[in-house]
Amino acid sequence: MADAGGRRIGVIGTGRMGGPMAERLLDAGHSLVVFDTNEAAVRPLGARGATIAHSALEVANLADTVMASLPTPAIVRRSIIGPDGAMHGTRMRQFIDLSSSGAVATTEIAAALAPRGIEFLDAPVSGGVAGARSGKLTVMVSGPRSTYDELQPLLAVFGRVLFVGIKPGLAQTLKLINNLMSATAVAITSEAMVMGVKAGLDPSVMLDVINTSSGRNSATQDKFPRAVLPRTFDFGFATGLSYKDVRLCVEEAEALGVPMVVGAAVREMLAITKARFGAESDFTYIAKVLEEWAGVEIRG
């Protein structure tokens, strides 16, 4: 079914996050054009009626409003403002970056799109794969208010939409801050839980106490009960992506003149985890690094 006025939506990147978000758009009745370098990632969307493009540029030749959900700033740059990027498309008039690209890349992209009259919203999301599937993401948006007002109903398909300012990159800064705090919670909770287990405490009892006390955080309330105590380590966020976000956050903070003493330590902890278990491991594997060092396991 086509959108009102015949508008077509393009999605570049239909992987772990982009795929479920594209499914939400189809569920809402939008006409989609999709592209991913992994053909298997677009096949289910094609089976549901989405048009499969063969490049980011082709998406922008076929869609009026294009979204991207891509893993790194370099890939976003190449896909959107590179020599064969979407900005050279004949139809795209609006671009929404759902990726965690950082403020530096976002500012560069906004500057490249402006002379071509392409409206740009910076709209990173938080809530993981489960939130993408259920439509319960938090969508942080910065950019022109008029563009936001027009596209807010479209973004609301993904979850709660919050406007954070008109300056390009503000939403990216907020997303990096959030992801730094999330990773910090995992790192410090891993240290605390390993210490308790080594001393003889039951980890389930520890979480019960902590979660009714002042030390509770997103890791003690969600990530550890769901992915560490059951030993599944499958919360749904890759170590490599977490490291990328924390590294970007620390670098951008330093560029602003803001010291990141704790953030730098979390970055190193993620670097160690990535080296030990690989970039595709879940970022809750931080706990496994601490377990190996201490010679204990956090078991429910």
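Regarding residue 183, is this residue assigned to a helix (DSSP H, G or I), out of contact with any Asp or Glu (no Cβ under 8 Å at 6 or more places or on another chain) and surrounded by 21 or more Cβ atoms within 10 Å (Cβ to Cβ)? The answer is no for residue 183. Contact map, the stretch 210-237: first residue of a type in the set (Gly, Ala, Ser), second residue open to solvent by less than 40 Å² (accessible area, probe 1.4 Å) and at pLDDT below 95, Cβ cut-off under 7 Å, separation 6 or more or different chains; pairs are 236/128; 236/129.
Of everything in the stretch 18-76 that is among the β-branched types (Val, Ile, Thr) and in a helix (DSSP H, G or I), the residue that is most open to solvent (accessible area, probe 1.4 Å) is 75.
The values are calculated or read from the model by the stated rules, or taken from the named source; none is laboratory data. Note that the coordinates shown come from a computational prediction; the quantities given were computed from them, not determined experimentally. Neighbour counts run over all protein chains shown; Cβ positions are idealised from the backbone, glycine included. These accessible areas exclude ligands, DNA and RNA; they are computed on the full protein's heavy atoms, side chains included. Shrake-Rupley method; radii C 1.70, N 1.55, O 1.52, S 1.80 Å.
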